[in-house]
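Please read the structure below before turning to the comments.
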Amino acid sequence: MLEQIKQDILAILKQSIEAIKENNIVRLRDLSNQTIHDSSIFQDENSITIAILMYSLNKIFQRTSYQEYKDWKVFYQITLGSLEKAHEELNKNNMQNYQNEIKKILNIIDKLSSHLKKYVKEVFEESQIAKGSRLYEHGLSIGKTSELLGISKWELMDYSGKTGI
């Protein structure tokens with residue numbers, strides 16, 4: 001991982017932890033937008049994953065009704081704990097553990113109850129397409145963007161067409 005990307009991700013992780021603790025949804029949204037720059041320039045998987053994760057977390061924390069589900073606390077604690085651990089591991093240059101912590105957040109979905117699981121999974125899927133359209137807007141081809149995100153070109157073209165990108 002390039003040093004510039006690492007430093008950007010470390011800053012984003014630190015700020016996202018603070019934003020979640022302070023329930024600052026606007027800050028989470030801003031962090032999501034900030035990550036697109038590195039994603040489009042470097043086409044780096046780690047930057048793209050962080051961009052999608054921040055966008056997803058912004059959408060999830062924005063929907064306060066999710067907090068009424070019984071397993072919200074589990075989602076919140078694992079997400080926050082994994083962000084803190086990911087920051088720590090990346091700071092120590094331990095890429096494997098860093099990526100495992102990020103995956104833990106993405107995999108928490110499987111441990112949620114049926115309703116919250118469905119909603120959170122939907123947010124993550126929609127986030128991939130939304131951030132993909134932003135990468136496309138920043139100059140990446142539809143093919144490259146869909147390849148980097150693991151989504152179909154058709155989904156990406158459809159969304160981009162609807163949003164006028």
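FYI, it's all coordinate maths here, none of it is from the lab. What you see is a predicted model, and the numbers here were worked out from it, not measured in a lab. Positions of Cβ are backbone-derived with ideal geometry, glycine not excepted, and every protein chain shown enters the neighbour counts.
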- Task: Just list whichever of K111/K144; K73/K104; K59/K121; K104/K131; K92/K118 have alpha carbons separated by over 23 Å in the model shown.
- Result: K111/K144; K92/K118
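If you add up the charges near F61, with Lys and Arg at +1 and Asp and Glu at -1, over every other residue whose beta carbon is less than 14 angstrom from its beta carbon, what do you get? Spell out each step's value before the answer.
Values: positive: K21, R27, R29, K59, R63, K73; negative: E18, E22, D30, E68.
Cβ neighbours under 14 Å give a net charge of +2.
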- Item | Cβ-based charge dipole, segment 3-163, positive-most Cα from H87, A19, N46 | A19
- segment 3-163: C-alpha gyration tensor shape, a/c 1.5 cut-off, then a/b vs b/c: oblate
